[in-house]
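This report refers to the structure that appears directly beneath it.
Nothing in this text is a laboratory measurement; each read-out follows from the coordinates by a stated rule. Since the structure is predicted, the reported quantities are computational estimates derived from the model, not experimental observations. Positions of Cβ are backbone-derived with ideal geometry, glycine not excepted, and every protein chain shown enters the neighbour counts.
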Amino acid sequence: MRRISTAIAVATLLASGAAGADGLKVGMITTLSGGGAGLGIDARDGFMLALKMAGPAAAGIEVVIDDDQQKPDVAVQLADKMIQSDKVDVLTGIIWSNLAMAVVPAAVAQDKFYLSLNAGPSALAGANCHPNYFNVAWQNDNLHEAAGAHANAAGYGKTFILAPNYPAGTDALSGFKRFYTGALSGEVYTQLGQTDYAPEIAQIRSSGADSVFFFLPGGMGIAFVKQYAESGVGIPLIGPAFSFSQDILGAVGAAALGVKNTAQWSKDLDNAANQAFVAGFQAEYGRLPSLYASQGFDTANLILSAMAKAEVTDQDAFRTALRAADFASTRGAFRFNTNHHPIQDIYVREVVEENGVITNRIVGVALTDRGDAYAEQCKM
Amino acid sequence: MSAVLIAEQTLNGLQYGMMLFLMAAGLTLVFGVMGLINLAHGALYMVGAFACAAVAAASGSFWLGLGASLAAAAAMGALIEVAIIRRLYARDHLDQVLATFALILVLSETTRWVFGSFPLYLSLPEVLSGTVTLPGGVVYPAFRLAIITIGFAVAGGLFWLIGRTRVGIRIRAGEADREMVAALGVDIARLYTFVFALGAGLAGLAGALVGTIQSVQVGMGEPVLILAFVVIVIGGIGSVRGALVGALLVGMTDTLGKAMLPQALTLVLEPAAARGVGAAAASMLIYIVMAGVLVWRPRGLFGARA
């Protein structure tokens, strides 16, 4: 414990003289290898695209990128390295909530800014919120709350819900239940990283449910949707966008067609920033962007907007500039709540086939100007 | 819990066990015959899945892809054995673990480099895509029944190969006394390459079958590798029969545990707590079984006598 506090003291001393005039150094810790790499790569590519499109405005930004391998211990080491030897001013990039919980509290305690481009665990949104922590994506519960609202609107009354047993999974199910008014015909927690869902699908089959809500990001979702289609159960699926985002739709294939999912972003959102982003992303990387890419893009633009107004060395001014969220978001209207989490619309999307590519299209709005359930507990 | 549901869950356990067997059989052969701990076995599983997905996408035929998965993983296995593993037999297990761990990283990143970071598409062949209604009204996916059948066929084939053929005699002899077999004029180096390629091919086949219903992505082999090690430790290292029994035991325990434990716990706990505790306890169950087996028989169920 003493060694840790000494390290923190040294780091703060070093940091105070670190950042030079006009410059800003971003440390990006994200998942670039292993099964979750697709998410991190999309987020990184979106982020870097925004800097490229900003041209000279982004000249003062230096980005240090490293791979957390989806392991909390590696993420903590990288954060220490970036804060102490790279002397970054702003940290970002973490995809997974369990990694965010390991890194964020220590980073903001060392007077660094942390801008989350994906993970939004409830533990950081309520009583443990922090002035230097901003979430540019969503609070974890948001898309699931929207799925609950959508289940009501679609007239479902007996939903079977499942999610992995980890912080974002429990957030997912409690988020869904917050808005869903029907009965639950089953509630199951699966193992994180599980890839065979035959036991759960057998339970769904015998439960008499009229719909299934699931939150299974990355490879877990691919496996579930394929196995669900193969099982012939046939009850409608609903889920957050993570299970149907562009990075995995190619692997899921036609099994996903027609599924409704909820998202704060979609590539067909009609605003200038989004059109420029989608076209730019396709031109630069030759594939359609996912919502992770849009979140990376928005995060970079938020940093640029704050940089234009204040020096990062003047923490209070920089924080005020961040809070203003004075940038053109790919989501259209975007502003920060009192706990530095977004207030935004959440849409219902449908998986469709367009010119031979399986993708999403907006079919409705699930929640308008949604903040989150924890903002009141946040005192800062 | 209805009888139909119990029957379906039992089939699920059987199918999961068979999948683990395909993975564990190669691992246990290589360890038993060559005394080598091959951590890269999971990477060969991934190679098989990617080969299947790539060939199936290019040719439009799942069956060509399945053949390609066997061939690609076996060829990769033979190449690795000749180029790297051969130098490690005389070394201790730590060196083998280090080298084969390095192989995981090399194979994973090479695969990413060739195929990209995003999961590949691999779907069921048309013939096996529906469900089958079994006697008693159990509706079960045809492809999972096929996996069970393939698992039993591979088990039968391996027992025949090891118990009834000349190659099998040599494999067993090589397991017992390497120097003596070499002195009797058997080309032990070639035999080892064959065994390693056989193990790799089985892993590749498992990867292709599993990739079809799960996801074909970099790093897909490592979680299965851990379970395969649990299986061979339970079954007894080096025993194919042990791998079969161990795999079925792990498959059944895991599936039925996951299906029944959370429900059983609702009798003593309130539902919300039972779900959380049940899910956590179910994931520990196979390790508890492993510990129990090891207390009872320290060398595993069918392990060689000391």
Using the number of other C-beta atoms within 10 angstrom as an exposure proxy, rank B:Tyr89, A:Tyr347 with the fewest first.
-> B:Tyr89, A:Tyr347
Compare the Cα positions of A:Asn165, A:Ser85, A:Ala57 along the charge dipole of the protein assembly as shown (+1 at Cβ of Lys, Arg; -1 at Cβ of Asp, Glu; about the Cα centre) and return the one farthest towards the positive end.
-> A:Asn165
Sorted by chain and number, the residues with a modelled amide H under 5 Å from that of A:Gly364, at a separation of 5 or more or across chains, are A:Val348
Rounded to whole Hz, the Karplus (6.51, -1.76, 1.60) HN-Hα couplings of region B:136-146, x for glycine and proline = x, x, 7, 8, 9, x, 4, 5, 5, 4, 5
Identify which of B:Leu39, B:Leu202, B:Leu98 has the largest mean-square fluctuation in a Gaussian network model of chain B, with springs joining Cα atoms closer than 10 Å.
-> B:Leu98
Karplus ³J(HN,Hα) for region A:122-132 (6.51 cos²θ - 1.76 cosθ + 1.60, θ = phi - 60°; Hz, whole; x = Gly/Pro) runs 4, 4, 9, 9, x, 4, 9, 5, 9, x, 8
When B:Leu227, A:Leu162 are ranked with the fewest other C-beta atoms within 10 Å first, the list becomes B:Leu227, A:Leu162
Any idea how far the Cα center of region A:238-313 sits from the one of region B:92-165, in Å?
-> 34 Å
So how do B:Trp160, A:Trp96 line up by other beta-carbon neighbours within 10 Å, fewest first?
-> B:Trp160, A:Trp96
Quick one: angle between helix B:62-83 and the longest Cα principal axis of chain B, in degrees between 0 and 90, rounded to 10, please.
-> 40 degrees
Return the average number of partner chain Cβ atoms within 10 angstrom of each residue Cβ along peptide B:51-63.
-> 0
Relative to the longest principal Cα axis of chain B, at what angle does helix B:166-176 sit, 0 to 90 degrees, rounded to 10?
-> 90 degrees
Distance between region A:89-153 and region A:327-371 - C-alpha centres, whole angstrom = 17 Å
Using only helices, what value at 222 nm comes out for chain A when you add -39,500 (n - 2.57) per DSSP H run of length 4 or more and divide by the total residues, to the nearest 500 deg cm²/dmol?
-> -13000 deg cm²/dmol
Quick one: compute the contact order of region A:111-202, relative version, from alpha carbon pairs under 8 angstrom and 6+ residues apart, as a percent.
-> 26 percent
Expressed as a whole number, the average count of other chain Cβ atoms within 10 Å around the Cβ atoms of B:9-15 is 3
Determine the distance separating the Cα centre of region B:36-79 from the Cα centre of region B:194-254; give it in Å without decimals.
-> 14 Å
Per residue of B:130-142, what is the mean number of Cβ atoms on other protein chains within 10 angstrom of that residue's Cβ?
-> 2
Of the trypsin sites (Lys or Arg not before Pro) in region B:203-306, which ones lie in a loop per DSSP and count no more than 14 other C-beta atoms within 10 Å?
-> B:Arg305
A:Asn271 neighbourhood, Cβ < 14 Å, K/R = +1, D/E = -1, net charge -2
Tilt relative to chain A, helix A:2-16 - C-alpha long axis, 0 to 90 degrees, to 10 = 70 degrees
